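What follows is a short report on a single structure.
The values are calculated or read from the model by the stated rules, or taken from the named source; none is laboratory data. Here the structure is a predicted model, which means the values were calculated and not measured. FYI the Cβ positions are ideal-geometry reconstructions off the backbone, even for glycines, and counts take in every protein chain you see.
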Amino acid sequence: MAQVDWKRAVIKVGSSLIAPTNNQCSSKYLSPIAKFISDSRKKGKEVILVSSGSVAAGKGKIAHKHRPSIAEKQAMAAIGQTQMMANWAKLFDFDCAQILLTSDDLHDRTRYVNIKNTLRELLKNNALPIVNENDTVAINELKVGDNDNLAAYTALVAEADTLIVCSDIDGLYDADPRKNPDAKLMPIVNHIDKSIYDLAGGAGSDVGTGGMQTKIQAADKCINSGIQTLIVNGQNPTSFLMLAKGENPGTVFLPNKSLDSARNSWLRHTLRAKGRLEVDQGAKKALLDHGASLLPSGVINVSGKFEPGDAVNIYFGKKVIAKGLAMYNALDMANIQGVNSSKIESILGYSFGEAIVHRDDLVLL
């Protein structure tokens, strides 16, 4: 049996677990998940929840026909979102934080960086981020499409090393277990190709199970970015007892490469630097010897035109020593170069924190 180890995980919980009767929230399936999250945090692990269920939770509160209109669904979500959050909050003795996203938020560079910074700050302060698609405003062209793929995007932006997708079956089978009693669970998937998509209900296949297609899509996104992905049975409390022991209760999709190598490769080779920061000896030593973030006090010159989230090269003398994502635009960076981090807000009128390039967004060259 494959061992499962992780430090920061995104756990996706769907509507059928949140609101099994499809009209109000329930703790029926959530208590074992909540205990797993609480116990994991006590071990020093970090967790982000992606939770569906706002429409189902508010369905009984809005008068509607057999098939609710978009406006009725959005009204359901507006009521159900507060109930869904309250339902989670009562299961924990620490703060829960609500984050509502649309597809636009994840594809806009500035908003993407802001989401990343918010998640980082919440985890630093021991809150549990709970992410959901913003169903009260999202319409078809704005929707991520499903919360499996939203969970994958969340794992990417949060730089998680693991995505755990809760399903209503044990994992991916070599046939549909609801139709074929001889179907066998696939505990490990090393590579996702057409044959795997066919098992999930791809074109020309009649063996797929409901909802598995989007789970494979989510796994595909993650493993190509160094994030292991698990599909587990969220209705079975044993799943979380096994996960707590580091055991795989379902199907694990192994990443193509390590998270560090995927991120470093992206920063090093894919992103074109739009700016240049020159640093002093102290900053060079902090970066190279101590793995520190870059602070404005160590910057002696700023050049180029860049926005928050753009890549910048970091120079000591004539040599590039690092590359990372800027937290501020070029003009603001120039205004705070050489100053103590405590003065950032008084100079700019705002602050994203003490670092101008965070160590999580930096690769040494």
Item to check | region 6-20, subset of a type in the set (Lys, Arg) and part of a strand (DSSP E or B), residue surrounded by the fewest Cβ atoms within 10 Å (Cβ to Cβ) | outcome: Arg8
Next on the checklist: Scan region 9-17 and tell me whether some residue there is among the hydroxyl-bearing types (Ser, Thr, Tyr) and either in contact (Cβ under 8 Å) with a residue 40 or more places away in the chain or not assigned by TED's automatic domain parsing to the domain that holds Phe240 (or both).
Outcome noted: yes
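Here are Leu106, Leu101, Leu123: which of them is of a type outside the set (Gly, Ala, Ser) and buried (at least 20 other Cβ atoms within 10 Å of the Cβ)?
None of the others qualify; the one that does is Leu101.
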Next on the checklist: Could you check region 144-197 and list, in sequence order, the residues that are β-branched (Val, Ile, Thr), at pLDDT below 95 and closer than 16 Å to Ile130 by Cα?
Outcome noted: Thr154, Val157
Checklist outcome for this item: Expected output for region 337-365 (first residue assigned by TED's automatic domain parsing to the domain that holds Leu295 and in contact (Cβ under 8 Å) with a residue 60 or more places away in the chain, partner assigned to a loop (DSSP other than H, G, I, E, B) and surrounded by fewer than 13 Cβ atoms within 10 Å (Cβ to Cβ), Cβ below 7 Å, 6+ apart or cross-chain) is Arg359/Gly291
Item to check | Gly208 being at pLDDT below 90, in contact with a Leu (Cβ under 9 Å, 6 or more places away or on another chain) and surrounded by 14 or more Cβ atoms within 10 Å (Cβ to Cβ) | outcome: yes
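Filter region 237-284 down to residues that are basic (Lys, Arg) and within 21 Å of the chain's Cα centre (by Cα) and give me whichever is nearest to Ala355 (Cα to Cα). Working first, answer last.
Step one: filter region 237-284 for residues basic (Lys, Arg), giving 245, 257, 263, 268, 272, 274, 276, 284.
Filter once more, keeping what is within 21 Å of the chain's Cα centre (by Cα): 257, 263.
Values: Lys257: 28, Arg263: 19 Å.
The selected residue is Arg263.
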Checklist outcome for this item: Given the conditions (1) over 29 Å from Lys116 (Cβ atoms); (2) surrounded by 16 or more Cβ atoms within 10 Å (Cβ to Cβ), every one holds for His64 apart from (2)
